[in-house]
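Readers should treat all values here as calculations from the given coordinates under stated rules, not as data from a laboratory. What you see is a predicted model, and the numbers here were worked out from it, not measured in a lab. Virtual Cβ from ideal backbone geometry, glycine too; neighbours counted across all protein chains shown.
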Amino acid sequence: MAAVWKPSSSPVSAAFTRGLDFVSDPLLPRRCISCGTVVDGDGALCASCRPEIRFLSRPHCQACGFPFEFDHAADARCAACYRDPPLYERARAVFRYDDASRQALLAFKHADRTDVAPDFAGMMAQAGSELLTGADLIVPVPLHRRRLISRRYNQSALLVLALAKITSVAAVPACTKVLLRGGACVVDVLTLARVVRPASK
Ligand SMILES: [Zn+2]
Ligand SMILES: [Zn+2]
């Protein structure tokens, strides 16, 4: 199954689509999403901030993507996922949500730095390549109508639309429970950042 989502002309959708016009002026120098200094070359992060970001990679829990310190079997799950299996099939994230990544995420979510959506989407395509292979749809987490109007754009939808351009997988708005209730067999979750807490015993 494949579906293409197109925003309607409602006021909420209009507020939403305003954020889709990625601000990208070739005459202005690109600024680091995290510290605001001019970036030397392409990319959302400067040479000082990028090494501070803790990117997530294998080995990790096959289900939730929690990073393991040591190599495990490819289908190994963390203690939390054994104890209480998540509803979704697999979750992956690009980097840890911590002090180093917080400013970048806040700028993307609240400071109109929508120009970095394609950069972040590229990172997500890499981190979520196994999820995206064979995926029919990519679904952004919806924002409450009031929050959407005050924030003017849904950063999750911006990522999904940019990701859909890279992967050619279609995008629609909805959520995990809704998809499962609607009869989806498998729901995977791909995020830009995640909180990484020590594994529970
Ligand atoms: Zn920086
Ligand atoms: Zn897990």
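What to note about this one:
- Efficiency of FRET between CYS185 and ARG145 - r from beta-carbon atoms, R0 45 angstrom, step 0.05: 0.90
- Distant-in-sequence amide H partners of SER34 (H built 1.01 Å from N, under 5 Å): CYS46
- Among TYR82, TYR88, TYR153, sorting on how many other beta-carbon atoms sit within 10 Å of each Cβ, with the fewest leading, yields TYR82, TYR88, TYR153.
- Rg/Rh for the range 62-153 stands at 1.01; both radii use Cα atoms, and Rh follows the Kirkwood definition.
- The H on the amide N of THR191, modeled in the peptide plane, is under 5 Å from the matching H of ARG92, ALA93, VAL94, each at least 5 residues off or on a different chain.
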